[in-house]
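The values are calculated or read from the model by the stated rules, or taken from the named source; none is laboratory data. Please read all numbers here as calculations on a predicted model, not as lab measurements. A quick note on method: Cβ atoms are made from the backbone with ideal geometry, for glycine too, and the neighbour counts reach across all protein chains shown. The protein model used for the area step is the full one, side chains on, heavy atoms only, and it has no ligands, DNA or RNA in it. Shrake-Rupley method; radii C 1.70, N 1.55, O 1.52, S 1.80 Å.
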Amino acid sequence: MAHDHKLEILRGTVKFKSNTQKIWGVLILLSIVTAVEVVLGIYKPEVLMGKIIGMKILNWIFIILTLVKAYYITWDFMHMRDETKGLRRAVVWTAIFLICYLIFILLQEGGYVEGVYSNGFIKQHGF
Amino acid sequence: MDTTVVNTGTEGKTWGGGNEPLKASYGKMMMWFFILSDALTFSGFLAAYGFSRFKFIDYWPIADEVFTHVPFLHGQELPMIYVAFMTFVLIMSSVTMVLAVDAGHKMQKTKVTWYMFLTIIGGLIFVGSQAWEWATFIKGDFGAVQTKGGNILQFVNAEGERLAIRDFTTSQHSERAQHERKSGLWFVSEGSLPDFTVAEVVKGMEANDDILIRTQMLDEHGHKTVLSREESLSMLKDHGNLVVHGANLHVNEYGSPLFADFFFFITGFHGFHVFSGVVINIIIFFNVIIGTYERRRSYEMVEKVGLYWHFVDLVWVFVFTFFYLV
């Protein structure tokens, strides 16, 4: 596995000649994504303040860009792209499944507690 | 003994043993599964942060107002800049790590040495930056008053700009002295007292007409609510309890103490990973120098610690998003 690297990223849109070149290419990609995040984080455009499924569009963008970064770090820096399907699925799907479950449970409950505080009879915060 | 079975007759067949269906060595695979479990630990922490945030969604601190400092640039509000720098340093050291792994595959000892060295330097810069970030957060800047109910009251002028308590409050003589072991019960001690008492802050506020109080409550535009002058004064007099500066595990001048708790816990746990990553990298670095892997004819060890190092970077990407961006 060690010596044959798959040298395409973005579903074959970008092809590199060597592994070293691919590493620098992925660095550029990650830097661009981070720069976009930082610029959006500083200026917070008013257009992106609308809500989709209970969360600001801006926050959805941040989370999606983070997942994009995580994909390229795992696939190219950690060479997941070059591993066998079996290893890749054993690691990645286990993580994705359990993490989605955890996030759903905790955020759901957090939202519920907030609802009890603000609508229920429990006085949330007397100053 | 003729009855002892020496050969099973299945050698070279699917169930004959010695198969590597995942085509990865034992060590590498176990590193992957360690990373998987560690990822779940971090997810647990971040999801717990999300839980608390959703629970207090209406008055969670705004990260842009908390982390505004950059070293050597005093008094300037530059949100995100320093943490973006830290992120870039960590990604960069991930790149040098993966270059070291690549050089290792080609058995180029000098290159591996140099790339490992750069990776270690990047890690040290990151850990140092995090220490600075912690120190700044603990020290605080404007100060605030905590109410009896645990809410945080901050001070602003008519334009909504933050005011520091020390700028409008003067310390007066107070009967209350810090308890020390030598002056009373030797087995009882307390931390240092706040610089000002709430009564002094009230005086300072009464002397300056344009000081208003900002509560943590977020309005529909996501801004903190500013009270009117009368409301501000009565709020401070009736509910003010403690002057707080900076953040620790009990109080947090920026808002909910939970924010500080999670910040210290999650970035601390991540910082500990970076630190141990640097230590492991240093060990491997010296192994490379003395030629251990050259003699072994394989630099797979570099690849394994590389996986760990990338994982640290991966976690940071998420911490960055959930603490600083979202």
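Quick notes
- Complete set of residues in region B:143-161 that are buried (at least 19 other Cβ atoms within 10 Å of the Cβ) and part of a loop (DSSP other than H, G, I, E, B): B:G143, B:N151
- Residue check for A:K44: more than 25 Å from B:V312 (Cα to Cα) and among the basic types (K, R): yes
- Sole exception among (1) within 27 Å of A:L40 (Cα to Cα); (2) at pLDDT 95 or above for B:G255, by number: (2)
- In region B:261-270, the residues that are of a type outside the set (D, E, K, R) and either open to solvent by 10 Å² or more (accessible area, probe 1.4 Å) or at pLDDT below 95 (or both): B:F262, B:F264, B:F265, B:G268, B:F269
- Conditions (1) more than 23 Å from B:I57 (Cβ to Cβ); (2) more than 8 Å from chain B (Cβ to nearest Cβ): number failed by A:I73: (2)
- Residue in region B:312-324 that is touching an Asp or Glu at 6+ places or on another chain (Cβ under 9 Å) and either among the acidic types (D, E) or open to solvent by 50 Å² or more (accessible area, probe 1.4 Å) (or both) present: no
- Within region A:60-81, tally of residues that are open to solvent by less than 10 Å² (accessible area, probe 1.4 Å) and closer than 15 Å to A:L7 by Cα: 5
- Residues of region A:46-60 that are modelled with pLDDT of 90 or more and either touching a Cys at 6+ places or on another chain (Cβ under 9 Å) or more than 10 Å from chain B (Cβ to nearest Cβ) (or both): A:I57 alone.
- Options A:K22, A:K85: the member that is open to solvent by 30 Å² or more (accessible area, probe 1.4 Å) and modelled with pLDDT under 95: A:K85
- With respect to (1) more than 9 Å from every other protein chain (Cβ to nearest Cβ); (2) without any contact (Cβ under 8 Å) to a residue 40 or more places away in the chain, the lone exception for A:L29 is condition (2).
- Filtered residue count, region B:142-192, keeping only those that are at positive phi and within 28 Å of the chain's Cα centre (by Cα): 2
- Selection of region B:196-217 for residues being touching a Phe, Trp or Tyr at 6+ places or on another chain (Cβ under 8 Å) and of a type in the set (S, T, Y) yields only B:T215.
- First in region B:19-31 and modelled with pLDDT of 85 or more, second anywhere and not β-branched (V, I, T), Cβ under 6 Å, 6 or more apart: B:L22/A:G86; B:L22/A:L87; B:K23/A:M1; B:A24/A:L87; B:G27/B:K304; B:K28/B:K304; B:M31/B:K304; B:M31/B:L307
- From the list B:V315, B:V305, the lone residue that is more than 15 Å from the chain's Cα centre (by Cα) and in a helix (DSSP H, G or I) is B:V305.
- Among (1) open to solvent by less than 50 Å² (accessible area, probe 1.4 Å); (2) under 26 Å from B:I138 (Cβ atoms), the one test that B:S189 misses: (1)
- Among the candidates B:L227, B:L242, residue that is surrounded by 14 or more Cβ atoms within 10 Å (Cβ to Cβ), more than 19 Å from the chain's Cα centre (by Cα) and touching a residue at least 24 places away in the same chain (Cβ under 8 Å): B:L242
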